[in-house]
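This report concerns only the one structure given below.
Just so it is clear, none of the values below were taken in a lab; they were calculated from the coordinates. Note that the coordinates shown come from a computational prediction; the quantities given were computed from them, not determined experimentally. All Cβ positions, glycine included, derive from the backbone under ideal geometry; neighbour counts span all protein chains shown.
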Amino acid sequence: MEQMAEECIKKGLEYLVISDHSKAAAYANGLTEERIREQHRQVDQLNEQYKPFKIFKSIECDILGDGSMDYSNNILSTFDLVIASVHSNLKMSEEKAMMRLMRAIENPYTTILGHMTGRLLLSRNGYPVDHKR
């Protein structure tokens, strides 16, 4: 993170967003709560060291099968940005997909909806979404 911050500063940038995957994303070495606390300590230290440059704390948090988030609101509240994304159980009806998405959107800590359709270009169709809703 320190090297990334220094390179951003050299390029005249004002901020950097650090965003790892949440714990359900074991395939991506998702962060446990303890690793989040450690990362946030490091970010706080670097933010103090490199003021006015800022590193924003972010997470790409899995939207679980029931629409809940992969972390509690207590943990989510410690981030500057929360990107809510469906990464598993992608074969679902529109009703199920919309329940998951709407529940995540209604979470007060969700900032961004990631992978809104689950589509993987040239490889996988997305799940059905009512875009107007």
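What to note about this one:
- Global geometry of the range 92-133, whether rounded, prolate or oblate, following the gyration tensor of its Cα atoms and the 1.5 cut on a/c: oblate
- Modelled this way, with points 7 Å down the Cα-to-C-beta line, the labels at R35 and E94 are 3.8 nm from one another.
- Distance in nm between pseudo-label sites at Q42 and L13 (7 Å out along the Cβ direction from Cα): 1.6
- Between E2 and T117, the modelled label-to-label distance comes to 4.4 nm, taking each label 7 Å out from Cα in the direction of the beta carbon.
- Taking the range 83-133 and dividing mean pair separation by its residue count, relative contact order in percent (alpha carbons under 8 Å, at least six apart): 49
- Highest-MSF residue in the chain out of A25, A104, A84 [GNM, Cα springs under 10 Å]: A25
- Nonlocal Lys pairs with alpha-carbon distance under 23 Å, the range 2-114 (8 or more apart, or different chains): 9
- Only Cα pairs under 8 Å and 6+ residues apart enter the sum, and on that basis the relative contact order of the chain stands at 20 percent.
- Dimensionless Rg over Rh [the chain; C-alpha; Kirkwood]: 1.03
- Amide H contacts under 5 Å for I63, placed H, 5+ residues apart: S85, V86, H87
- Helix-derived mean residue ellipticity, 222 nm - over the chain, DSSP H n ≥ 4, -39500 (n - 2.57), to 500: -9500 deg cm²/dmol
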